[in-house]
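Structure, as structure tokens:
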Amino acid sequence: MLDNQQQFHEPDFNDMDPCLQPQPDASSVVDTVLRIIGVGSQQDLSVLRGAQEEADLRLLLLEQRVERIEQSCTSLQHRQKKLESKIDNLLAARTRERPDLATSNHSTHQVIATDYRAVVEQRIQGLARSQVAGSRMMGRYSDRQIIPRFIGLLCEQLFTQGVLLQSPHIQRNLGLASDALAVGPIDSVRGVCQELRHRSRQAGLAAVWDFTYTRGVALNHDMQEPWPSCDPRAPVRFVVAPAYMVDDRVFARQYVYTSSDEWE
């Protein structure tokens, strides 16, 4: 052999490209992972996998059960709606037979009636007190009558059946001068009353503001009540504010002016 022939040396794997270095087999990798997560053997891993599969199966069964429950709920909701519809129809038929029975529509009208009385006692009376001195139509009445008369005339403009008059027309009908001082307050009260009338129409049933009365007779306590300054024992002379009637039932009684003086 030649003297300059190089002797053979075993390769140093530490100097090799990492990609070319010998790789550990799969079982050793698994063992390493198991040691890291605290699992001792392949058998332990099998137990974990079995538990995972059982959990997956239980989750699948639970999802299927939830789906069945949702379907049942949907079916029950449909049945409930059908039953509610039948009940509503029965109640409607029963109400037609018995007008004394209350419905949700009647409850809505009761709220409207309460609001209406508040409008008369506050907004309309306040407008009357602020504007009555400028009316040419109140001069022939006694001081005691002036405010109730003006309120009555104003209520006729605001609650008589038919198209609600515009504020300038109401102003003229009240005997007020044609200036802007009265139009603003009238327009404000008119808007409140227009909203009441709209709510009454939307609530259903037959609702009216009733001015009907008989002059010179005693109070009909089912239909009327005296204006606060009036004697309830005296005969009726005129309507201050109309009754609110729904299906011929009184929801708000008339305010009427009473007096023992037949000339009033």
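The values are calculated or read from the model by the stated rules, or taken from the named source; none is laboratory data. Quick caveat, the model's predicted, so the values are computed rather than measured. Neighbour counts run over all protein chains shown; Cβ positions are idealised from the backbone, glycine included. All accessible areas refer to the heavy atoms of the entire protein, side chains included, with ligands and DNA or RNA removed. Shrake-Rupley method; radii C 1.70, N 1.55, O 1.52, S 1.80 Å.
Note on His106: accessible area approximately 10 square angstrom, rounded to 10, probe 1.4 Å, nucleic acids and ligands left out. At an R0 of 35 angstrom, the distance between the Cβ atoms of Ser188 and Lys82 translates into a FRET efficiency of 0.15. Estimated at the nearest 10 Å², the accessible area of Thr114 is 80 Å² with a 1.4 Å probe. Distance between the modelled labels on Arg201 and Ser178, one decimal in nanometres: 2.8 nm (7 Å Cα→Cβ projection). A straight chain from Thr212 to Ser229 at 0.36 nm per residue would run longer than the Cα-Cα distance by 4.0 nm.
Computed in the context of the full set of protein chains, the accessible area of the stretch 119-264 at 1.4 Å probe radius has 50% of its extent on carbon or sulfur. Measuring nothing but how far apart in sequence close Cα pairs (under 8 Å, 6+ apart) lie, relative to its length, the stretch 149-259 scores a relative contact order of 24 percent. Cα convex hull, the stretch 169-221: 142 Å³ per residue, rounded to a whole number. Length available on full extension from Ser104 to Leu61: 0.36 nm per residue minus the Cα-Cα distance, which gives 10.9 nm. Surface exposure of the stretch 185-260, expressed per residue as accessible area with a 1.4 Å probe, stands at 47 Å².
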